[in-house]
Amino acid sequence: MNDKKLNEGHSHMRAAENCQKTSLFKWKPDLEGAIEEYSKAATCFRTCKAYDLAKNAYIKTAELQAITNSKYYAGKNYEQVALLCKETKHFEQAAELMEKSASMFVEHGTPDSARLVLEKGGKMVEKELPLKAVHLYKKASAIADNEDRPNNAAENIGKCARILINERKLDQAMECLKKEIAFHERSQSYPMIGKSVTGIILVYLHNDDFAAAYAFYEKSFK
């Protein structure tokens, strides 16, 4: 660990705390100054691989940015903390922070950034926390749907379906596949509809519900 960078980081943290103090001659805290100092501290701690300290500094930066209505930059800093959590294999916290990042982007009015960070979060935890990934992909799909992006909505809900099939949560997977079909119909992506229909039929067959599989086949391909 680089002791010089570590000490520099602590110095910036102290400076940030001083920026927030008030006195007889300083009535208002200097939040912008504190943000700058916390950001510098985070960079120093990250450089010397003091990841827990870096995470704390990034979070303090993001919290003050949210207070000062810099929601977009708060979102970027929450994303940075999530990436550090991934490096330290704290996947639950990483997922929560990616969701927090997305909420900042939504409040800022940049839903595309929110969707992208949720997709990145889903991919980040898909192997270790598949059901948490489903949660993030569903939120990404909902944002895409709200922004009239049926292709993106279908892609994300389709990821949910495939994870749920692997997790043997077949009823939930079928609901996702049905939503995927609806999104493909909206975007007139007819070849993709066939893949989703086939998935539903296979789920019915897996459950030994041959009558439902045939009925769904008839309804979809008539």
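Every number here is computed from the coordinates shown, using simple stated rules; none is lab data. Everything quoted here is computed from the prediction, not taken from an experiment. With ideal geometry, Cβ positions are generated from the backbone for all residues, glycine too; neighbour counts draw on all protein chains shown.
In Å, what Kirkwood hydrodynamic radius results for the chain from the alpha-carbon pair distances?
Answer for the chain: a Kirkwood hydrodynamic radius of 19.7 Å.
Under 16 Å of direct C-alpha separation, and excluding same-chain neighbours fewer than eight residues apart, residue 178 reaches these lysines: 138, 159, 169, 195, 219. At an R0 of 22 angstrom, the distance between the Cβ atoms of residue 187 and residue 219 translates into a FRET efficiency of 0.60.
Whole number please: convex hull volume per residue, Cα atoms of region 40-158, in Å³. Display every interim value, and only then the final one.
Numbers: hull volume 9.7 nm³, N = 119.
It is 82 Å³ per residue.
Basic side chains Lys and Arg get +1 at the Cβ, acidic Asp and Glu get -1 at the Cβ, and with that the dipole of the chain about its Cα centre reaches some 380 debye. Mind checking which of 56, 207, 156 has the largest fluctuation in a GNM of the chain, springs on alpha carbons under 10 Å? Evaluated over the chain, the most mobile residue of the options is 207.
Taking 89, 132, 179 as the candidate residues, the one with maximal mean-square fluctuation in a Gaussian network model of the chain, Cα springs under 10 Å, is 89. Our summary gives region 123-222 a relative contact order of 18 percent, counting only alpha carbon pairs under 8 angstrom and 6 or more residues apart. Divided by 2.2 N^0.38 Å, where N counts the residues, the Cα radius of gyration of region 148-222 comes to 1.05.
By the beta-carbon count within 10 Å of each Cβ, the least crowded to most crowded order of 137, 73, fewest first, is 73, 137.
Take every Cα pair under 8 Å whose residues are at least 6 apart in sequence, average their separation, divide by the length of region 52-175, and the relative contact order is 16 percent. Residue order for 90, 12, 206, fewest other beta carbons within 10 angstrom first, comes to 206, 90, 12. Seen from every direction in turn and averaged, the convex hull around the alpha carbons of region 65-124 projects onto 3.4 nm². The helix-based estimate of mean residue ellipticity at 222 nm for the chain, built from -39,500 (n - 2.57) per DSSP H run of four or more residues and divided by its residue count, is -27500 deg cm²/dmol to the nearest 500.
Suppose R0 equals 30 Å. What FRET efficiency, 1/(1 + (r/R0)^6) with r the Cβ-Cβ distance, do residue 28 and residue 72 give to the nearest 0.05?
On the way: r = 24 Å, r/R0 = 0.79.
E(calc), rounded to 0.05, equals 0.80.
Could you give the length gained on full extension between residue 15 and residue 127, defined as 0.36 nm per residue of separation minus the Cα-Cα distance, in nm?
Result for the pair: 36.3 nm of gain on full extension.
Note on residue 21: lysines with a C-alpha under 16 Å away, same-chain residues under 8 apart excluded, are 60.
Only the Cβ atoms of Lys and Arg (+1) and of Asp and Glu (-1) were treated as charged; on that basis the dipole of region 148-222 about its Cα centre amounts to roughly 180 debye. Charge tally around residue 109: other residues with Cβ under 12 Å, Lys/Arg +1 each, Asp/Glu -1 each, net -2.
Positive end of the charge dipole of the chain (Lys, Arg +1 and Asp, Glu -1 on Cβ, about the Cα centre): tell me which of 216, 75, 19 has its Cα farthest that way. With unit charges placed on the Cβ atoms, the residue in question is 19.
Of the DSSP H helices in the chain, those with a Cα length along their own long axis of 15 Å or more and a mean Kyte-Doolittle hydropathy reaching -0.5 comprise 31-47, 51-67, 91-108, 111-125, 130-146, 150-166, 190-206, 210-221. Taking other Cβ atoms within 10 Å as a rough exposure proxy, 105, 91 sort from fewest to most as 91, 105.
In a simple Cβ point-charge model (Lys, Arg +1; Asp, Glu -1; nothing else charged), region 1-116 has a dipole of about 240 debye relative to its Cα centre. Using C-alpha pairs below 8 Å separated by at least 6 residues, the relative contact order for the chain is 9 percent.
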